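Peer 1: Here you go, one structure.
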Amino acid sequence: MANASEYEYDLLVIGAGSGGVRTARMAAATGARVAIAEDRYLGGTCVNVGCVPKKLYSYAAHFHDSFDDAAGFGWQLPGPASFDWATLRDNKISEIKRLNGIYQRMLEGAGVTLFNARASLADAHTVIMSSEHGDTTVTAEKIVLATGGWPWVPDFPGSEYALDSNQIFDLASFPKRFLVLGGGYIAVEFASIFNGLGSDTHLIYRGELFLKGFDQQVREFTCAQMEHKGVNLHFNTNIERIEATQDAYSVYLTNGDVLEVDVVLAATGRKANINNLGLDKLGLSLDEQGKIPVNERFETALPSILALGDLTAGPELTPVAIAEAMQLVDHHFTDTVPKALDYSTIPTAVFCHPNIGTVGLSEEAAREKFTNIRVYSTDFRAMKHTLSGSHERTLMKLIVDDATDVVVGAHMVGEEAGEVIQGIAIAVRAGLTKEDFDRTVGIHPTGAEEFVTLRTLTRT
Ligand SMILES: Cc1cc2nc3c(=O)[nH]c(=O)nc-3n(C[C@H](O)[C@H](O)[C@H](O)COP(=O)(O)OP(=O)(O)OC[C@H]3O[C@@H](n4cnc5c(N)ncnc54)[C@H](O)[C@@H]3O)c2cc1C
């Protein structure tokens with residue numbers, strides 16, 4: 001740990017989100033004097049307007065299918081199930097408040113000083129804290145920028161009527177007709193959520209197919225499954241303008257269609273949250289991807305200023321921000337030099353319905369990287385749906401580098417795909433071969449056992 005008595009703190013973290021909180025707690029555990037500034041909500045995007053409320057809403061939306069599925073198993077409901085938005089929303093609000101409290105107690109318990117303030121850099125060791133009580137300055141040997149991202153909405157006539165993902169969770173009333181603009185995972189997830197909760201749902205995306213960058217077969221399969229569940233997908237089109245009518249919105253599309261909806265969500269991307277952070281004052285600039293460049297020790301161009309999480313390059317995911325936090329603390333506050341993070345085998349899930357879980361390379365990326373690959377894939381109706389009567393199907397897929405037999409990609413679309421792929425990700429990260437998968441005994445009867453029983457080559 002640095003001997004930095006000339007400063008008030010050894011470390012000052014700006015932003016108490018996924019990465020910032022973990023950095024502050026871990027650094028404080030080494031004996032460092034640590035402070036953290038947060039101007040909005042403890043826990044950051046993930047806890048307040050990201051992973052957590054989204055997953056709670058996704059659980060809620062899944063009940064729709066469960067009620068339908070139950071009849072084939074002998075369950076009879078007293079009448080048609082009805083959904084109360086206010087109950088879900090308010091229970092979600094209480095749960096987030098509980099989590100905010102846990103974060104506060106965790107920070108206090110770790111001995112971290114919390115500033116409820118908007119922070120901006122004054123120089124390489126000084127931060128201005130602005131709050132309703134005025135401005136103060138705080139000095140630190142090292143400063144970590146962990147301010148995350150902020151939704152970005154394109155400018156078009158009527159774009160002011162579109163909500164962003166920060167605003168969608170706490171709607172006053174439930175939208176009977178819901179429209180989401182965007183083709184990334186957040187757009188796809190909200191389309192599934194509102195469709196599952198009972199909205200007539202439209203997804204508008206200017207590209208040919210959503211989820212760019214994911215495995216093509218996964219994208220096509222997901223598209224078919226979501227359409228089957230009733231989501232209206234409009235590709236190769238965009239919003240031309242939105243007009244407010246008396247109690248709804250008319251959304252004019254570039255393909256000539258006009259849709260009447262109650263809510264428009266723009267899930268059109270996120271940008272680094274650097275508003276008034278003072279980067280320019282210190283000569284720090286963003287790279288062409290709009291991220292703060294850092295070296296392997298998370299140092300910006302000014303070595304006393306560090307950055308991590310969504311502000312820097314790499315997947316915008318909570319576990320990535322947390323892993324980076326632990327690396328950063330090891331580099332700067334312990335004698336350990338940690339092994340660099342392996343960004344190529346970070347698993348991820350998309351909580352559309354059915355879920356997607358994925359780790360490693362897509363088939364397309366593997367074809368580019370390796371001379372020969374082998375693809376094993378299966379597409380089946382899960383055992384549960386033999387009695388439920390649901391037509392939902394599951395896709396599982398392994399991609400193997402033919403020269404080494406190493407499994408370089410694993411993909412699933414189906415129930416609890418994220419839960420399944422988390423386990424498979426250990427094998428893919430460890431570089432295990434298809435033979436290792438084949439020698440693993442399955443768990444029966446599960447869907448996941450297909451990953452160790454895939455013997456028939458689908459294509460090379
Ligand atoms: C709708 C949605 C769903 C998501 N779902 C998932 C998911 O399922 N799984 C997953 O892994 N990831 C998910 N993410 C991404 C995940 O939330 C982020 O990757 C993660 O929160 C990044 O952490 P961070 O520490 O970089 O920043 P954040 O968590 O965004 O924290 C930044 C914090 O800094 C504060 N701040 C900003 N500027 C200042 C300032 N100047 N002074 C003081 N405080 C400041 C902000 O208020 C915020 O609390 C989702 C994101 C969204 C938007």
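The values are calculated or read from the model by the stated rules, or taken from the named source; none is laboratory data. No experiment lies behind these values; they were computed from the predicted model shown. For neighbour counting, all protein chains shown are included, and Cβ atoms are generated from backbone atoms with ideal geometry for every residue, glycine included. Ligands, DNA and RNA are excluded from the accessible area calculation, which covers all protein heavy atoms including side chains. Shrake-Rupley method; radii C 1.70, N 1.55, O 1.52, S 1.80 Å.
Peer 1: When the C-alpha atoms of region 379-460 are aligned to their principal axes, what extent does each axis show, in angstrom, from largest down?
Peer 2: 42, 25, 19
Peer 1: Shifting gears a bit: Calculate, in nm to one decimal, what Ala365 and Phe156 gain on full extension: separation in residues at 0.36 nm each, minus their alpha carbon distance.
Peer 2: Computed gain between Ala365 and Phe156 is 71.8 nm.
Peer 1: Modelled label-to-label distance, Ala110 and Ser130, 7 Å Cα→beta-carbon offset: nm?
Peer 2: Going from the Ala110 label point to the Ser130 one covers 2.7 nm.
Peer 1: OK, next. Do the sum for the chain: with -39,500 (n - 2.57) for every DSSP H run of n ≥ 4, divided by all residues, what is the mean residue ellipticity at 222 nm, to the nearest 500 deg cm²/dmol?
Peer 2: Numbers: 12 runs with 140 residues, N = 460.
Helix contribution divided over all residues of the chain: -9500 deg cm²/dmol.
Peer 1: What distance in nm separates the simple spin-label points at Asn100 and Ala430, each placed 7 Å from Cα in the Cβ direction?
Peer 2: Result for the modelled spin labels: 4.2 nm.
Peer 1: Write down Rg/Rh for the chain, rounded to two decimals, with Rg from the C-alpha atoms and Rh from the Kirkwood relation over Cα pairs.
Peer 2: Numbers: Rg = 23.8 Å, Rh = 24.1 Å.
Ratio of gyration radius to Kirkwood radius: 0.99.
Peer 1: Give, to the nearest whole percent, the P(r) tail of region 317-460 beyond 24 angstrom, counting all Cα pairs.
Peer 2: I get 38 percent for the Cα pairs in region 317-460 exceeding 24 Å.
Peer 1: Ignoring ligands, DNA and RNA, what accessible area per residue does the chain give at 1.4 Å, in Å²?
Peer 2: Heavy-atom accessible area per residue stands at 47 Å².
Peer 1: While we're on this one: Among the GluC sites (Glu not before Pro) in region 201-290, which ones are in a DSSP loop with at most 14 other Cβ atoms within 10 Å of the Cβ? Mind listing them?
Peer 2: Sites meeting the loop and neighbour criteria: Glu208, Glu288.
Peer 1: Which order do peptides 209-216, 342-349, 326-333 fall in by mean Cβ count within 10 Å, highest first?
Peer 2: In decreasing order of mean packing, 209-216, 342-349, 326-333 become 326-333, 209-216, 342-349.
Peer 1: With θ set to phi - 60°, apply the Karplus curve 6.51 cos²θ - 1.76 cosθ + 1.60 along region 86-101 and write out the HN-Hα couplings as whole Hz, x wherever there is a Gly or Pro.
Peer 2: Coupling constants for region 86-101: 4, 5, 4, 4, 6, 5, 4, 4, 4, 5, 5, 4, 4, 5, 4, x Hz.
Peer 1: List the chymotrypsin sites (Phe, Trp or Tyr not before Pro) within region 49-105 that fall in a DSSP loop (any state other than H, G, I, E or B) and whose Cβ has at most 11 other Cβ atoms within 10 Å.
Peer 2: Qualifying residues, ordered by number: Trp75.
Peer 1: Then there's this: Once you have all Cα-Cα distances for region 228-322, histogram them in 5 Å bins from zero and send the whole-percent values.
Peer 2: 2, 10, 16, 15, 10, 8, 10, 12, 10, 6, 2, 0
Peer 1: Here is a follow-up. Roughly what would the spin-label model give for Thr237 and Ile443, points 7 Å off Cα along C-beta, in nm?
Peer 2: 4.3
Peer 1: Moving on to the next point. Which percent of the accessible heavy-atom area of the chain goes to carbon and sulfur, probe 1.4 angstrom?
Peer 2: It is 51 percent, rounded to a whole number.
Peer 1: Moving to a separate point now. Distance between the C-alpha centers of region 378-420 and region 106-152? Whole Å please.
Peer 2: Measuring centre to centre over Cα atoms gives 45 Å.
Peer 1: Past 21 Å, Cα to Cα: identify those pairs from Lys176/Lys271; Lys369/Lys434; Lys55/Lys92; Lys92/Lys291; Lys97/Lys291; Lys212/Lys397, in the order given.
Peer 2: Working: Lys176/Lys271 30 Å; Lys369/Lys434 18 Å; Lys55/Lys92 10 Å; Lys92/Lys291 32 Å; Lys97/Lys291 30 Å; Lys212/Lys397 18 Å.
Where the Cα-Cα span goes over 21 Å, the pairs concerned are Lys176/Lys271; Lys92/Lys291; Lys97/Lys291.
Peer 1: Please give the net charge around Lys176, taking every other residue with its beta carbon less than 15 angstrom from that of Lys176, where Lys and Arg add +1 and Asp and Glu add -1. Write down the numbers at each step before the final one.
Peer 2: Details: positive: Arg177; negative: Asp84, Asp200, Asp247, Glu260, Asp262.
Charge balance near Lys176 sits at -4.
Peer 1: Determine the gain in length on full extension of the stretch Tyr59-Glu288; use 0.36 nm per residue of separation and subtract their C-alpha separation, reporting nm with one decimal.
Peer 2: Details: separation 229, 0.36 × 229 = 82.44 nm, distance 3.73 nm.
That pair, Tyr59 and Glu288, stretches by 78.7 nm at full extension.
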